[in-house]
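These notes concern the structure reproduced below.
Every number here is computed from the coordinates shown, using simple stated rules; none is lab data. On a predicted model such as this, the values are computed, not experimentally measured, just so you know. Here Cβ is always computed from backbone atoms with ideal geometry, including for glycine, and neighbour counts include all displayed protein chains.
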Amino acid sequence: MNRHILIASMALATSGLWAQNTAVLRGRVTDPSGGAVPNAAVTLSGKQLAARSARTDMQGQYLIPNLAGGRYEIRVSATGFAPFVLAQCEVAPDRVQMLDVPLTLPVNSEQITVQDTIKLEMDPSSNASALVLRGKDLDALSDDPDDLAADLQALAGSAAGPDGGQIYIDGFTGGRLPPKSSIREVRVNQSPFAAQFDKLGYGRIEIFTKPGTEDFHGNLLFQYGNDAFNSRNPFSTTKPPYERRQWEGEFSGSLGKKTSFSGDFEIRKITEDAFINAVTLGPDMQPLAVSQALVTPLSGTEENLKIDRQISANHTLSASYMYSRDAQENQGVGGFSLATRAYQNHDSEDRWQAVESGIFGAHLIHETRARYSRQRSHQEGTANQFTTTVLDSFTGGGPPLTLSFNSQDRFEAQDLTTYTRGTHLMRWGGRLRAVILKDQDTTNYTGTYTFSSLASYQLTLQGLQNGLTPQQIRAAGGGASQFSLAAGNPLASLNQYIRWHP
């Protein structure tokens with residue numbers, strides 16, 4: 001019996017000695033303003049024990065018990081604050097040690113590397129604002145030619161001057177953009193002060209198409225969209241029809257040892273909708289809400305064919321033809337504009353061009369370009385009536401035009417010679433443009449009546465039905481607030497100038 005009591009007493013004494021050799025680390029984690037930082041991670045590591053960690057409570061307090069005396073490394077981390085590291089923290093045995101940790105906000109640092117040697121770039125086409133797109137870079141742009149043109153103009157930014165930027169296709173000014181599959185590369189804002197261009201190059205876009213290849217290859221693409229994949233428009237009680245079909249194809253190959261060809265085509269058939277959300281007057285002369293979805297079909301076809309011929313070892317000839325037709329129906333409607341305002345639009349273009357390139361020795365390159373473009377545009381309205389505009393309510397009556405057309409025959413010729421010697425480059429040449437223009441614009445030929453409010457328009461119609469004079473109608477608060485008529489006789493003009501770049 002005495003032996004058991006002695007063993008128990010020795011065990012209790014040993015346990016008491018062990019408890020007296022342990023330490024406790026506690027404290028509070030705060031932000032720069034002194035506020036508590038909850039859920040901060042506090043980690044201790046040292047030779048005496050494996051890493052120990054704890055989390056702060058809502059008051060920012062933490063507690064790590066049962067530590068042996070010695071030196072520890074303390075790390076504190078919290079979301080939104082810079083890490084806190086204390087490399088050496090002396091923890092004394094047999095005591096509770098306090099350690100408050102003030103956290104600081106992170107500081108963003110930026111590293112700049114300054115080279116001891118700077119290369120001076122002498123190539124004028126390597127300006128900082130230049131952008132060259134080719135290969136996979138073009139895949140990020142739209143497949144639709146109209147959307148592609150908008151994307152490129154957004155990349156080019158604003159142009160210098162009132163007429164906007166210029167688009168060059170294989171060195172020629174303007175024209176419809178080719179399908180994206182036939183584009184080799186696009187240069188944006190390259191060498192803005194180049195003398196061969198007649199405008200400052202900010203906002204300039206240069207597009208170069210692909211040449212023919214030795215082996216025959218091609219690809220086809222079909223895109224389809226349907227209203228089954230669309231949600232209902234909030235301004236329409238029913239979901240209107242929508243369908244988009246687009247075919248694209250590209251092919252190229254060889255026509256012998258010295259001749260190759262390339263071509264592409266694109267066919268678009270799009271059934272879009274215009275939503276009319278207006279307020280008019282009904283037969284009883286009371287306000288009548290109009291909510292209507294009108295189908296606005298769009299169709300387009302474009303075909304391109306290009307032939308490259310190596311005339312001799314140093315001379316090549318490229319010739320191409322482009323055919324384009326577009327048709328749009330029910331244009332000019334939507335929003336406050338009623339269905340009676342609809343008109344049709346038809347555009348066509350045929351383009352022939354040729355480029356001859358010659359290399360004379362190791363320093364001289366000569367290029368000659370010629371192009372003829374035949375462009376036709378035709379707009380026709382469905383009714384010959386004056387226009388009635390009631391502010392914030394509707395625009396009705398006839399279309400904005402009755403029969404308008406624009407006919408352009410454009411000619412362009414270029415001759416350009418480039419001479420290089422070492423780091424020097426000299427380029428000279430000329431460009432000649434001519435245009436035969438026939439134009440008829442019937443916009444607003446039938447006149448427009450503008451009313452300040454629907455109530456004023458209502459008083460006017462009621463006064464006319466009751467046989468009141470215009471003076472009596474205006475005295476009652478009716479009558480149009482603005483009248484407009486248009487008439488014109490376009491005159492031919494001839495402008496001549498000489499441009500010299502030293």
- Note on the structure: Going residue by residue through the range 447-458, the Karplus relation 6.51 cos²θ - 1.76 cosθ + 1.60 with θ = phi - 60° gives ³J(HN,Hα) values, rounded to whole Hz and with x marking Gly or Pro, of x, 9, 10, 10, 10, 6, 7, 5, 5, 5, 5, 5
- Message: On a straight-distance basis, which lysines could pair with LYS257 in a cross-link, Cα separation under 18 angstrom, same-chain partners fewer than 8 positions away excluded?
- Response: LYS306
- Under 27 Å from the Cα of LYS199 - lysines, other chains or at least 8 residues apart: LYS180, LYS210, LYS438
- Query: Hey, which aspartates and glutamates would be in cross-link range of LYS47, C-alpha to C-alpha under 14 Å, not counting anything within fewer than 8 residues on its own chain?
  - Reply: GLU73, GLU90
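Of the listed peptides 254-261, 397-404, what is their order by residue-averaged count of other C-beta atoms within 10 Å, with the highest listed first? Kindly include the intermediate steps, with their values, before the conclusion.
Working: 254-261: 13.5, 397-404: 19.6.
So the peptides 254-261, 397-404, ranked by packing, come out 397-404, 254-261.
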- Non-local residues with an amide H under 5 Å from the amide H of ARG184, with H modelled 1.01 Å from N and Pro and chain starts lacking one, are PHE208, THR209, LYS210
- Summed over the other residues with a beta carbon less than 12 angstrom from that of CYS89, with K and R at +1 and D and E at -1, the charge totals 0
- Task: Work out from phi, with θ = phi - 60° and the Karplus expression 6.51 cos²θ - 1.76 cosθ + 1.60, the ³J(HN,Hα) of each residue of the range 391-405, listed in order in whole Hz, and give x for Gly and Pro.
- Result: 4, 6, 10, 6, 10, x, x, x, x, x, 8, 9, 8, 10, 8
- For the range 342-353, in residue order, the Karplus 3J(HN,Hα) values (coefficients 6.51, -1.76, 1.60; θ = phi - 60°; whole Hz; Gly and Pro = x) are 5, 9, 10, 9, 10, 10, 8, 8, 10, 9, 10, 8
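Taking each pair of distinct Cα atoms in the range 269-317 once, what is the resulting Kirkwood hydrodynamic radius in Å? Intermediate results must be reported in sequence, preceding the final value.
On the way: mean 1/r = 0.0616 Å⁻¹.
Hydrodynamic radius (Kirkwood, Cα only) of the range 269-317 equals 16.2 Å.
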- Message: If the only charges are +1 at each Lys and Arg Cβ and -1 at each Asp and Glu Cβ, what is the size of the charge dipole of the range 308-391 around the Cα centre, to the nearest 20 debye?
- Response: 100 debye
- Name the residues whose placed amide hydrogens come within less than 5 Å of the amide hydrogen of VAL101, ignoring near sequence neighbours (fewer than 5 apart) on the same chain. ARG28, VAL29, THR30
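For the peptides 441-447, 334-340, 90-96, what is the packing order when you average, over each peptide's residues, the other Cβ atoms within 10 Å and list the highest mean first? Walk me through the numbers on the way to the answer.
On the way: 441-447: 16.7, 334-340: 18.3, 90-96: 12.1.
Averaged packing, sorted descending, gives the order 334-340, 441-447, 90-96.
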